[in-house]
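What follows is calculated from the coordinates using simple rules that are stated; it is not laboratory data. No experiment lies behind these values; they were computed from the predicted model shown. Cβ: placed from backbone, ideal geometry, glycine included. Neighbour counts: every protein chain shown.
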Amino acid sequence: MSEDERYRTSTQFRLWSFTPSSLHALRETTNLIAANRVRAAVQRLREARTASSAETSEAENVRATSAVPEGEVDCLTVDEELKLVAFYCRQTIQLGDHLKVPTDVKATAIQYIKRFYITNSLMTYHPTDILKTALFFATKTENFYFRLTKFADAIGKTEPEDVLASEFLLTQGLRFTFDVRHPFRALEGAIMELQALAHGNISVLPGEASAVERPANIEKRVKDAHGKARDYLKTSALLTDVYFHFTPSQIMMASLSLADSELADWYMVQKLSANDETALEMRKKVLQTVGRCADMLKAVEPSSEPSAAEKKELSALAKKLKRCRNPEKIDLVGLQKAKREGDVVDEKVIKKRKLEREQSAKEEDLFGPEIKRA
Amino acid sequence: MFRNGVSKLVDNPSDDICPVCKSNRYLNPSLQFLINPECYHKMCSTCVDRIFTSGPAPCPVPHCGKTLRKRGFHKAFFADLAIEREVDVRKRVGAVFNRRHDEFETLLDWNNYLEEVEGLVFDIVEGDVKTRTIAEEKLRMYKEANKGVIEENTRVGLEEGELERRREKAEREAARQRRLAVLREEEEEKADMLKTRQSVLDRLANEDVDANTIAAQAQKIILKKTSARRALKDIPIQSNGSAMDAGLTIRGLKKKEAPAPEKPYDPFGGLDLTPARYVLQDHYENEWLGGAKKDTRHMAGGYSLQEYYARTMFEAFSGLGVFIEDEVTDRNQQPQAVVAPAVETAAAVQAAVSKTKFERNMELDDVF
């Protein structure tokens, strides 16, 4: 079973890999549905308000009506949502730095957020809620224990319930797949082998002679490339969509080629032998793919910060988001509580069950009625 | 059926009363019932003595009238006389139809034969008078026609029983011999020890040699004797085993094959996981790992650097040749084809969500 086949068994490949067009289509669908839902929810709320306005307004009504914006709801577009998600991903990195969690945890949390917002809209669930839960989940999946109460305290202005409220929501949004394959360890592996190649005579591929021509001054270049590539992986790889379009190995190679393109090209050519036509074709294709990935990574440089104009736009977007949120989904903690207390079973079901029970008692069947097939 | 049986046992007075002389177990606690396999009518032993001591007489049970002899009476083994009778019939038929499995060429033939015999037994046990006579006739005919074969098989069966008995006896005898040998040996050893000790003491008393050398010599002698005894002991056991083999030839034993040595367990079930894009080295230079290599806190717990090497190298090249652009395109055909429908009401949105929003088999309802 080759390395590639083993990667194909991962959930990251099976569920979370998309072509750019399909990813965009998915986001558009999500946005459209969410916008329609927001409008419908606002409509319902307005009707409720007009109905209750005649009566004495209860405290709850006042609170609810105050959240309803006037006029036609102006919803976010897909691009606007993406910008906001990117902004909140940066926020997540900052929060992670504040909590002193390792890079893996931050990276996993960001992937959770990104994956979640493919099938959910910011208008439905606000990212400030989701990102806390995502970060908390990431500490678990990356085996970095963080006590929940401590976690909530360290974030500030957060209760443990706030973190847990969207727990199942996020899990479902992630389709119950918590495994994220990162390129960090891959980079360590590549650097490790490059250093070994620089030092001594080891064979690059199985069954090949060990002597290969090496680029000049390779040892120092590997060291320099390591740091730069790591920076790309820590920021650019997380803030762009590369995880959805490329495999960790390709992302790692792309970051390496951004750090030292000559070295990376030499390495890849060594690794992908061109013995025959198909192998040559494969090498060409890998190089192309890595090149495209590198282009994508370059779009967000590691040191780049949002410019003043962008910041202004973002704050405007945040305000816009505030106006077009789904009023039914704002209070996640309350919703979670209501769900947990189990008033979900409505009266009809209870009545039906009671009737069935009586019926079976009448028939005096010792073992109850026949089991119904669903 | 069970209940019927119980009530019969409890209510039926015939269990305690002789049907011939009507004497009662209450009056005669030593009352014993006997039967004769001619007609299976039971009567008490007193009646048997009284009626049949002076020679053969007809059965005293009304409407039976079979001539019985005293010699044929015996105590019923089973309380249910129908079973007693069936067992007797089986014994009789089995003595005639005593063919063996290895006489048949195929299993099917053997099974057919068994079925035929079973049918005959059933006819005799359960059939009415007519079928019973026919079956008995068949049995008699077969017995006459195959006299030689039947006798031969009976002889073989007896011989086998005899062989089995002999083998068991030989085994018991061998075990007894072994026990005796062990006892004898222990005694000899003890006597030897005493003798050697005595001689050492004598030499210490009489000769003018260093005590330590004498003790060492004595030790050597003891060791030599023990090893000699051990060598002796091995031989008789071997000869014993071969003797037993020579006396016994058990037929029909299958040739024994030494079981193939078990292969080491492979957790991957035969998957070939040798890397294709790199050669895993036993050792890599890595400044980050330099400390861990020498740190007992790392290594004492069983931390294996090789595991780390294997994992990082695998991740470096796992998926390098996977092109998501190509491979995912055909997978995503269906969701791409779905065009977001123009929906107005919330219910329609709900319906649309469950249909369009989640491609493949992912069903996602609203959590809250």
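What the table shows:
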item: Sequence ranges B:319-326, B:106-113, ranked by mean other-Cβ count within 10 angstrom, highest first; result: B:319-326, B:106-113
item: Rough spin-label spacing in nm, given labels placed 7 Å along Cα→Cβ, for B:Glu285 and A:Lys220; result: 1.5 nm
item: Most mobile listed residue (A:Thr50, A:Thr240, A:Thr158) in chain A, GNM with C-alpha springs under 10 Å; result: A:Thr50
item: Reach of A:Lys284 by Cα under 18 Å, taken over aspartates and glutamates that are not fewer than 8 positions away in the same chain; result: A:Asp4, A:Glu262, A:Asp265, A:Asp276, A:Asp295, B:Glu325, B:Asp326, B:Glu327
item: Nearest-0.05 FRET efficiency for A:Ser2 and B:Asp326, computed from C-beta distance (R0 30 Å); result: 0.95
item: Residue of A:Lys322, A:Lys348, A:Lys271 that the Gaussian network model of chain A assigns the largest fluctuation, springs spanning Cα pairs under 10 Å; result: A:Lys348
item: Ordering of A:179-187, A:274-282 by burial proxy (mean other Cβ atoms within 10 Å per residue, highest first); result: A:179-187, A:274-282
item: Fraction of the pair-distance distribution of chain A above 36 Å, Cα-Cα pairs, percent; result: 40 percent
item: Cross-link pairs B:Lys138/B:Lys169; A:Lys132/A:Lys271; A:Lys140/A:Lys348; A:Lys106/A:Lys298; A:Lys132/A:Lys351 - those with Cα-Cα distance over 30 Å; result: B:Lys138/B:Lys169; A:Lys132/A:Lys271; A:Lys140/A:Lys348; A:Lys132/A:Lys351
item: A:Phe176 versus B:Lys66: modelled label distance in nm, points set 7 Å from Cα along the beta carbon direction; result: 7.3 nm
item: Trypsin sites (Lys or Arg not before Pro) restricted to region B:32-136 and DSSP loop, no more than 13 other C-beta within 10 Å; result: B:Lys66, B:Arg69, B:Lys75, B:Arg100
item: Two-decimal ratio, region A:243-282, of alpha-carbon radius of gyration to 2.2 N^0.38 Å; result: 1.28
item: Pairwise label distance in nanometres, A:Lys285 with A:Phe168, each label 7 Å out on the Cα-Cβ vector; result: 4.4 nm
item: Stretchable slack from A:Glu208 to A:Ala299, in nm (0.36 nm times residue separation minus alpha-carbon distance); result: 28.9 nm
item: Stretch gain in nm, segment B:Asp208-B:Gln32, where the contour uses 0.36 nm per residue and the Cα spacing is subtracted; result: 54.4 nm
item: Straight-distance crosslink candidates among lysines, where the alpha carbon sits under 22 Å from B:Lys75 and sequence neighbours closer than 8 are dropped; result: B:Lys8, B:Lys22, B:Lys42, B:Lys66, B:Lys91
item: Choice from A:His226, A:His98, A:His126 with maximal GNM fluctuation in chain A (Cα, 10 Å cutoff); result: A:His98
item: Efficiency of FRET between B:Ala76 and B:Ile134 - r from beta-carbon atoms, R0 30 angstrom, step 0.05; result: 0.65
item: Hits among lysines - C-alpha to C-alpha of B:Lys190 under 25 Å, sequence gap 8 or more where chains match; result: B:Lys220, B:Lys224, B:Lys225, B:Lys233
